[in-house]
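No lab work stands behind these numbers, since they all come straight from the coordinates. Remember, predicted model here, so these are calculated numbers, not experimental data. In this analysis, Cβ positions are derived from the backbone assuming ideal geometry, glycine residues included, and neighbour counts consider all displayed protein chains.
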Amino acid sequence: MRRLLHLCVFWLLQTGTSWSFSRRHKTSPNLSVEPIEPKAFPLQTPHSGRHFLPSHPAYRQPFWRFSSKNRGNARFTEGWYYRLTLPDVSFAIIISIEDPGHRPPSDLRLACIQVVGPRDGYIVQADRDDSRFWAWKKQQGLGCNFEYKPGYDKQVMKTQTNLSPEVWRKTVQSGFQILPTHFLGRVRGRDGTVGGLFDETDKVCTCDFDFQVKPLCGWGDVNGTQKSTAGWLASLEVFEPHWQVTMADARASGRITWNNQTYNFVDAPFYAEKNWGAALPTKWYWTQCNSFDGYEQLSVTAGGGIRSIPFGRKEALGMVSIHYNGKMYEAVPWTGTMRWKVSTWGYWELEGNCTVGDRPFEARIVYECDPGEIKGLVFRAPTPDEGMVRFCKDTFEAKTTLSLWELEWHPASKSYVRKKGPPLIDRAQSAQGGAEIGGGPWWDEWERVSELKQPIRALLRLPVRLKTLRKRMKRRGS
């Protein structure tokens with residue numbers, strides 16, 4: 001009984017504190033409540049918001065976090081990946097939060113930002129205090145302030161979430177603030193290619209960024225509904241880890257300063273995605289490119305890996321999606337086929353088609369780099385048992401070739417064939433493809449056809465079948 005009373009008092013104090021923060025959200029010029037609107041812009045995709053409750057003091061903590069040491073303490077990580085492509089160099093900003101709000105605190109809890117830059121440069125800054133990290137529920141909004149400038153009360157500042165850009169620049173010594181279309185950051189970290197996350201180092205590496213983003217494509221047709229990358233079942237935890245591309249194509253304008261060298265840019269290709277769940281797949285590949293020579297709007301994303309599914313089973317899934325002039329061409333295992341051949345390093349060959357719906361197509365993409373010249377950067381990713389460790393390798397210098405064909409039904413062969421005439425895209429080229437391998441083992445070449453087990457395949461295909469049925473009924477009615 002006494003323990004129950006203590007817990008009730010603790011809960012009242014906690015909710016009272018959170019209520020006072022909510023009131024301050026309404027009155028303080030430096031604080032803002034989470035947006036009420038579900039979308040920041042029309043092309044916002046599902047799952048743009050967070051999938052966890054931050055332990056940041058501005059958020060009300062639920063009673064269950066204090067009533068049990070074991071409930072709600074399953075391994076969890078959420079990560080955001082942003083790529084900026086400039087004419088001669090690419091940058092990647094990778095943000096992650098691990099085991100937020102665990103009681104007692106998890107040994108793997110971590111708020112982390114990694115930045116990949118010129119000549120495979122790699123900067124990491126992290127903190128075990130997950131209460132510094134905040135994130136919005138409905139829109140892309142997240143941030144973490146590692147250190148404040150002298151003269152500002154840390155006890156007051158740490159209760160605040162998103163700040164106006166002017167206040168952020170004036171008060172934050174190191175940290176980041178990512179809003180739907182405005183990215184701010186001051187990273188003061190270590191060389192990520194050597195040592196551990198918190199090893200002492202004589203050299204401080206720096207990266208500052210401040211730029212605006214204009215979305216061109218979310219995940220779907222520009223004039224259509226934006227979709228979940230992994231299908232509508234992505235909302236169910238049993239299919240972790242989850243993956244969502246939030247901006248398949250965008251344009252960024254602003255500046256980024258890497259170790260005192262400043263890069264200014266206007267309408268540079270930009271890409272964004274995220275993952276969440278217990279950890280990344282046990283083995284995977286990933287490719288991306290939205291900087292093709294001679295094309296105003298062309299973006300391709302492909303990925304595949306081995307994931308666990310209910311009843312102790314595993315499946316190897318892959319997909320490839322192209323956004324071209326406002327239209328989406330998506331090859332996923334529930335509406336077509338997808339095949340990949342990925343070497344231990346240096347070659348990614350991807351083929352996919354879609355034969356369901358009103359836009360049948362076939363696509364082929366190849367990424368290549370010379371393993372002798374381009375070694376690739378080995379960087380960190382969350383793992384189930386060890387937390388943030390070196391777990392994947394990638395490059396932004398893969399030579400990329402993309403072709404896209406329309407398909408039509410051939411009655412004689414009772415199959416889909418390529419339409420006569422030139423393809424929609426004929427060997428589009430880029431020298432700045434992003435390509436990655438992760439997990440393992442990678443002892444030899446990995447060649448597979450994407451497989452999706454029943455009944456998951458039938459469930460994921462359900463929206464497509466319903467859409468087709470509605471069209472048929474509409475035709476009959478007219």
Under Karplus coefficients 6.51, -1.76 and 1.60, residue-wise ³J(HN,Hα) of the range 440-445 in Hz, glycine/proline x: x, x, 10, 7, 8, 4
If you plug each phi of the range 261-270 into the Karplus form 6.51 cos²θ - 1.76 cosθ + 1.60 with θ = phi - 60°, what whole-Hz ³J(HN,Hα) values come out, in order, with x for Gly and Pro? 9, 9, 10, 9, 8, 9, 6, 7, x, 9
Can you compute the modelled spin-label distance between LYS138 and ASN223, with each label point 7 Å from Cα toward Cβ, in nm? 2.8 nm
Going through LYS39/LYS420; LYS149/LYS227; LYS203/LYS393; LYS154/LYS375; LYS214/LYS399 one by one, the pairs whose alpha carbons sit over 31 Å apart turn out to be LYS39/LYS420; LYS149/LYS227; LYS154/LYS375
Pick out, in residue order, every one of the trypsin sites (Lys or Arg not before Pro) in the range 323-419 that is DSSP loop and has at most 12 other C-beta atoms within 10 Å; say none if there are none. LYS414
Residues other than SER291 with Cβ under 14 Å of its Cβ, Lys/Arg counted +1 and Asp/Glu -1, net out at -3
As computed over the range 280-478, the Cα convex hull volume per residue (Å³): 161 Å³
Loop sites in the range 272-330: chymotrypsin sites (Phe, Trp or Tyr not before Pro), DSSP, at most 16 other Cβ within 10 Å: TYR295, PHE311
So, with points 7 Å from each Cα along the Cβ direction, the ARG119-LEU53 label distance in nm works out to 4.9 nm
What is the spin-label model distance, in nm, from VAL449 to ALA431 if the labels are put 7 Å beyond Cα along the C-beta direction? 3.8 nm
Ignoring solvent entirely, what values of log10 I(q)/I(0) come out of the Debye formula for the range 352-414 at 0.15, 0.24, 0.29 Å⁻¹ when each Cα is a single scatterer? -0.73, -0.98, -1.15
Determine ³J(HN,Hα), in whole Hz, for all residues of the range 210-219 in sequence, where each value follows from phi through the Karplus function 6.51 cos²θ - 1.76 cosθ + 1.60 and θ = phi - 60°; x replaces Gly and Pro. 7, 8, 9, 10, 10, x, 10, 9, x, 9
For the range 121-180, what Kirkwood radius comes out of the mean inverse Cα-Cα distance, in Å? 12.3 Å
Amide H contacts of GLY440 (H built 1.01 Å from N, under 5 Å, at least 5 apart or other chain): LYS283, TRP284
Cα-Cα pairs of the range 188-310 separated by more than 25 Å (percent): 46 percent
